[in-house]
Amino acid sequence: MRECEVRDLGRAVYGPVWDMQKRLADDRKAGRIPDQLLFVEHPHVVTMGRNGREDNLLAPPDLLARAGIAYYEIDRGGDVTYHGPGQVVAYPIFDLREWKRDVGAYVRGLEQVIIEVLAEFGIAAGREKGAPGVWVDGAKICAIGVHLSRWVSSHGLAFNLATDLSYFRYIIPCGLTKPVTSLRQLGVEATREQILARMVEHFGQIFEMRMSWPPPLTPAEPEPLETSA
């Protein structure tokens, strides 16, 4: 069973964490480190994937900036999405050559992690045909967008724990005119720490890894985490 190092970055702005992902992915490709799993909560930010359509961004970057929302065009798959306080964002830096060389299986594995976590809190979640992510009664609770380079993954998933869903008004999430939801909106008062613990457990089970918690890595310009989210 291969090793995966888990690190919780707390709240950190998007750019430095993206740079960290790229450095870790390079190290993983070179075999200098084992698989990595980063957890983070971002301040308000909208990201546009490489396949994104500008008309799914309902406010231009200058208007987003005035609303306190950063904007990045990035190299993951998928369309536009939002990250912000109250989300649990997970960035797996996995070498899929040591698991399955199958992008579809990898995305389904990420979805299954969240489906299993939600089941532990009594929420029946599932998939929607042609729409990556995890859904509850037709509303998206977790967005997924990944990037693979030489079979090493980056980017990942964004799970709405206690997210202010009003911020999704600035975008058409993932290019789909469907509602979004959160665990809090579904009436579950789980803490971030509880969700992280369940995610780590299910990541280990689904991707067949031994999970460990080494000393944290700190991206530049971290911000303190609001533990009430």
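The values are calculated or read from the model by the stated rules, or taken from the named source; none is laboratory data. Only a predicted model underlies this, so the values are computations on that prediction, with no experimental measurement involved. Quick reminder, even Gly has a Cβ in these numbers, built from the backbone with ideal geometry, and neighbours come from all protein chains shown.
Side notes on the structure shown:
- Scan of segment 38-86 for residues that are exposed (fewer than 15 other Cβ atoms within 10 Å of the Cβ) and of a type in the set (S, T, N, Q), ordered by number: Asn51
- The set of residues from segment 109-135 being crowded, with 16+ Cβ neighbours inside 10 Å, charged (D, E, K, R) and out of contact with any helix residue (DSSP H, G or I) (no Cβ under 7 Å at 6 or more places or on another chain) comprises just one member, Glu111.
- Contacts under 9 angstrom Cβ, first residue in segment 15-35 being within 14 Å of Asp95 (Cα to Cα), partner part of a helix (DSSP H, G or I), 6 or more apart: Arg32/Asp26; Ile33/Leu24; Ile33/Asp27; Pro34/Arg28; Asp35/Arg28; Asp35/Glu98; Asp35/Phe207
- All strands (runs of 3 or more DSSP E) inside segment 116-173 with 2 or more residues being in contact with an Asp or Glu (Cβ under 7 Å, 6 or more places away or on another chain): 131-136, 139-149
- Complete set of residues in segment 29-43 that are under 30 Å from Thr191 (Cβ atoms), more than 14 Å from the chain's Cα centre (by Cα) and outside any strand (DSSP E or B): Ile33, Pro34
- Any hit, segment 202-213, residues being buried (at least 19 other Cβ atoms within 10 Å of the Cβ) and at pLDDT below 95: no
- Taking the listed residues Gly130, Gly122, Gly138, the one that is over 30 Å from Gly31 (Cα atoms), at pLDDT 95 or above and over 14 Å from the mean Cα position of the chain (by Cα) is Gly122, with no other qualifying.
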